[in-house]
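The values are calculated or read from the model by the stated rules, or taken from the named source; none is laboratory data. All figures in this text were calculated on a predicted structure; none of them were measured in a lab. A quick note on method: Cβ atoms are made from the backbone with ideal geometry, for glycine too, and the neighbour counts reach across all protein chains shown.
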Amino acid sequence: MDFKIRENRKPQGAKRLTAERAAYFQLMQQGYSNNEACRIVGIDSRTGRRWRNGYVPSKRRGAVRPVPPAVPPASSRYLSVDERIYIADRMREKATVRAIAAELGRSPSTVSREIRRNRHPDSGVYRPHAAQARAEARRPRPKLAKIEQHRELRQFIQERLDLRWSPEQICQALPGAFPERPELHVVPETVYQALYVQSRGELRREIHRALRTGRVRRKPRRQAQQRTPRFTDPMVMISERPAEAEDRAVPGHWEGDLIIGKDGASAIGTLVERTTRYV
């Protein structure tokens with residue numbers, strides 16, 4: 001603890017107990033009771049309860065929401081225990097996800113995802129310390145891929161690859177083969193990574209025999225010049241049209257156009273002979 005415990009415990013007025021609050025929650029996380037943690041830090045036990053649960057409603061004042069973490073770690077990648085306690089307290093008060101996120105300085109999607117992933121799987125109740133334990137259990141890296149974890153999934157994919165199925169066809173067949181087991185459903189990229197990423201290597205077969213393309217490594221397509229063009233012959237721009245086609249003097253030059261309907265539901269192609277205007 002990077003502060004000196006006060007010897008004089010008399011009220012000192014409004015003061016931001018930033019360091020004391022951080023030490024209090026650290027002791028609570030280590031298993032200390034509220035009274036013991038408050039005694040070590042040097043605060044009143046009611047202050048500790050107010051930090052955790054908010055003000056208790058009384059006749060003179062209504063209920064006051066819990067105090068947000070003293071130093072909101074907006075730049076931190078992971079939610080802290082303080083933030084999870086605050087989320088649980090505000091959820092009991094029926095606060096919206098956007099309101100909680102604004103008070104914590106987090107994105108609404110971060111808070112929504114935290115509640116969805118770390119609440120109790122059966123009751124749906126969000127408990128902060130249980131949520132912290134679930135998050136820490138998922139955090140260790142590296143993780144085993146689905147294909148490496150499940151022998152049935154690995155065997156199913158390998159058998160279809162031997163039959164010259166594409167990864168897209170295999171992934172579309174998985175829900176029908178394992179309807180009651182969503183943990184065995186994967187996307188095509190998972191299969192491609194199992195084949196191409198050498199550090200994984202869940203599918204221990206010759207790569208050039210597994211896929212229809214016969215490629216040993218992935219073909220980069222991120223940049224435009226790395227992609228395969230849609231047409232064999234490059235298109236001729238209107239600005240590059242020859243003079244005999246431009247002035248319609250020589251017959252035999254055709255002009256094509258494609259019209260696509262709303263939402264791509266319909267399309268029509270037109271061909272016009274420029275000299276005779278035949279469509």
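Of note:
- Selection status of Arg134, assigned to a helix (DSSP H, G or I) and of a type in the set (Lys, Arg): yes
- Scan of the stretch 153-178 for residues that are within 15 Å of Ala194 (Cβ to Cβ) and either assigned to a loop (DSSP other than H, G, I, E, B) or out of contact with any helix residue (DSSP H, G or I) (no Cβ under 7 Å at 6 or more places or on another chain) (or both), ordered by number: Gln155, Gln158, Glu159, Asp162, Trp165, Ser166
- Only one of the listed residues (Asp247, Asp257) is over 30 Å from Ala173 (Cα atoms), of a type in the set (D, E, K, R), within 45 Å of the chain's Cα centre (by Cα) and at pLDDT 80 or above. That residue is Asp257.
- Screening the stretch 111-126 for residues that are modelled with pLDDT of 90 or more and of a type in the set (D, E, K, R) and picking the one that is farthest from Leu195 (Cα to Cα) gives Arg119.
- Subset of the stretch 178-211 (residues that are at pLDDT 75 or above and within 18 Å of Arg164 (Cα to Cα)): Val187, Pro188, Glu189, Thr190, Val191, Tyr192, Gln193, Ala194, Leu195, Tyr196, Leu211
- Here Gly214, Gly252 are screened, and the one residue that is in a loop (DSSP other than H, G, I, E, B), modelled with pLDDT of 85 or more and of a type in the set (Gly, Ala, Ser) is Gly252.
- Contacts under 7 angstrom Cβ, first residue in the stretch 165-184 being at negative phi and touching a residue at least 60 places away in the same chain (Cβ under 8 Å), partner surrounded by 13 or more Cβ atoms within 10 Å (Cβ to Cβ) and not in a helix (DSSP H, G or I), 6 or more apart: none
- Arg154 being out of contact with any strand residue (DSSP E or B) (no Cβ under 9 Å at 6 or more places or on another chain) and touching a residue at least 24 places away in the same chain (Cβ under 8 Å): yes
- Leading residue by the ranking (surrounded by the fewest Cβ atoms within 10 Å (Cβ to Cβ)) among those in the stretch 157-199 that are over 23 Å from the mean Cα position of the chain (by Cα) and among the β-branched types (Val, Ile, Thr): Ile170
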